[in-house]
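Enquirer: Dropping a structure here in structure tokens format, bear with me for questions.
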Amino acid sequence: MTTIRPAAPVPSARTPRLPAPLLPPSASTPEELLAAADRLLGTATASTTGVWPRAVALLLRHALEEALRRYWHARTPQLARCSPHAQSLCLESYADPETARRWSTTWAGLSRACHYHGYELAPTHAELCAWRDDVDRVIGALAPWTR
């Protein structure tokens, strides 16, 4: 009679996921990102022709996301690890509805502006200035919780 030995367990090919740090040391503040967008808005040159509108949109969107991430880190750290979409859905329950609405509509507009489409023009200077003002308002509304 032959004895069948159980197979040795196969080690998992996956490496265990470690939780991401909540605030990486090199993270820019929302205010720094907003200032960088302002510099680019005010000093578009020939070398930045064609790319500055989307670069400004990226900086503004990143400032918006960073402000929200810092808000959740200070208010409810578990939500700081969620996606920006999940964080924005929860924002209305914690902050005022106007801030939540402004965050969502501004983020959606900036996200659309960040991507190149062959059939769509880059955002105009006026659109970027309006988004910049909205980002500034959201950062101001969320800032008291992050200090």
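The values are calculated or read from the model by the stated rules, or taken from the named source; none is laboratory data. Because the structure is predicted, anything quoted here is derived from the model rather than measured. Using ideal geometry, Cβ is built from the backbone for each residue, glycine included, and neighbour counts are taken over all protein chains shown. Surface areas here come from the heavy atoms of the whole protein model, side chains and all, with no ligands, DNA or RNA. Shrake-Rupley method; radii C 1.70, N 1.55, O 1.52, S 1.80 Å.
Enquirer: Among the listed residues A86, A55, A63, A108, which satisfies the condition of being within 16 Å of T29 (Cβ to Cβ) and of a type outside the set (S, T, N, Q)? Give the derivation first.
Expert: Working: A86 fails: within 16 Å of T29 (Cβ to Cβ); A55 fails: within 16 Å of T29 (Cβ to Cβ); A108 fails: within 16 Å of T29 (Cβ to Cβ).
Exactly one of A86, A55, A63, A108 is within 16 Å of T29 (Cβ to Cβ) and of a type outside the set (S, T, N, Q), namely A63.
Enquirer: Give L59, L64, L41 a once-over and let me know the one that is in contact with a Cys (Cβ under 9 Å, 6 or more places away or on another chain) and closer than 13 Å to W131 by Cα. Working first, answer last.
Expert: Numbers: L59 fails: in contact with a Cys (Cβ under 9 Å, 6 or more places away or on another chain); L64 fails: in contact with a Cys (Cβ under 9 Å, 6 or more places away or on another chain).
Of the residues listed, the single one that is in contact with a Cys (Cβ under 9 Å, 6 or more places away or on another chain) and closer than 13 Å to W131 by Cα is L41.
Enquirer: Looking at this structure, is H85 free of Cβ contacts under 8 Å to residues at least 12 places away in the same chain and either closer than 22 Å to V51 by Cβ or loosely packed, with under 13 Cβ neighbours inside 10 Å (or both)?
Expert: Working: free of Cβ contacts under 8 Å to residues at least 12 places away in the same chain: yes; either closer than 22 Å to V51 by Cβ or loosely packed, with under 13 Cβ neighbours inside 10 Å (or both): yes.
Taking the combined requirement at face value, the residue satisfies it.
Enquirer: When you check L121 against the structure, is it aliphatic (A, V, I, L, M) and open to solvent by 70 Å² or more (accessible area, probe 1.4 Å), yes or no?
Expert: Working: aliphatic (A, V, I, L, M): yes; open to solvent by 70 Å² or more (accessible area, probe 1.4 Å): yes.
For L121, the condition - aliphatic (A, V, I, L, M) and open to solvent by 70 Å² or more (accessible area, probe 1.4 Å) - is met.
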